[in-house]
1. Under the Karplus relation 6.51 cos²θ - 1.76 cosθ + 1.60, θ = phi - 60°, what is the ordered set of whole-Hz ³J(HN,Hα) values for the stretch 107-117, x standing for Gly and Pro?
2. Compute, for V207, the solvent-accessible surface of its heavy atoms (probe 1.4 Å) with the complete set of protein chains present, and express it in square angstrom to the nearest 10.
3. Quick check: the distance between the Cα centres of the stretch 191-208 and the stretch 1-60, to the nearest angstrom?
4. Per DSSP H run of at least 4 residues, take -39500 (n - 2.57); add these up for the chain, divide by its residues and hand me the 222 nm value, nearest 500 deg cm²/dmol.
5. Could you rank W28, W17 by how accessible they are, 1.4 Å probe, largest area first?
6. With every protein chain present, what accessible area does D76 have (1.4 Å probe, heavy atoms only), rounded to the nearest 10 Å²?
7. If T3, T121, T101 are ordered by their accessible area, calculated over protein heavy atoms with a 1.4 Å probe, which sequence runs from highest to lowest?
8. Under 18 Å Cα-Cα from K136, which aspartates and glutamates qualify once same-chain neighbours fewer than 8 residues away are excluded?
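The values are calculated or read from the model by the stated rules, or taken from the named source; none is laboratory data. Being a predicted model, the structure only gives us computed values, none of them experimental. Areas reflect the complete protein model, heavy atoms only, side chains present, ligands, DNA and RNA absent. Shrake-Rupley method; radii C 1.70, N 1.55, O 1.52, S 1.80 Å.
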Amino acid sequence: MATLIIQSHRIPLPFDWLGRCMDSVRQWCDLNACEYRFFDDSLFDFLSEEIRAKYAGRQVVLTDLARLKAIRAMLDEGYDRVVWLDADMLVFRPQELLLPTADQLPEGYMLGREVWVQAKTGSPGTGSLGKKSPRKLLVHKKVHNAFLLFDRQNSFLGFYLEHAERMLMTAQPTVPAQFIGPKLLTALHNIVQCPVMESVGMLSPEVIEDLL
């Protein structure tokens, strides 16, 4: 199975740590005999002029659509499987990050897992005796598009891409940044239960701070 891993970011990279993240992905690709392709701002060439003009300056919104267009183009180019990884994804246990085989993925696609942990508004507080109260946390379980896997035979990509593009065409350019990304995917997931790659997670600032 010919598998392509794609990533994208503007060049030059604004932070050195982004380069280290991307190096970890390239090394993981080598370990798994996957091809690797990087797009700079040329990723937006996959979009129509109308969409680019309407959402000018809304890079997150544009990227969420452009990644879908790029994945479809690469599948049309002849790859059996295309995987998108955001540029800030870090592969820290490459031997344990194993993509499912075709037999393990009858739906032909997979999304990433997001368990977003954040402090509740107003937490931590101070009690009547001047003592700091325990921090209260909120946990939101979602899916994300920082990891996307699509096999050639999947039927979800066309559905997702068509409706994401239609929503952007009819919506106001002030839509939330995650409008067709995690928000739309989580809404769909809550209804149809999309297959999820549980080992590709999303760390919120609260979790990163605790780990550090």
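1. 6, x, 7, 7, 10, x, 9, 10, 10, 8, 10
2. Approximately 40 Å² of V207 is accessible to the 1.4 Å probe.
3. 20
4. Details: 6 runs with 74 residues, N = 212.
Computed mean residue ellipticity for the chain: -11000 deg cm²/dmol.
5. Details: W28 5, W17 110 Å².
Solvent-accessible surface, decreasing: W17, W28.
6. 120
7. Numbers: T3 15, T121 140, T101 70 Å².
Per-residue accessible area, sorted high to low, gives T121, T101, T3.
8. Output for K136: E206, E209, D210.
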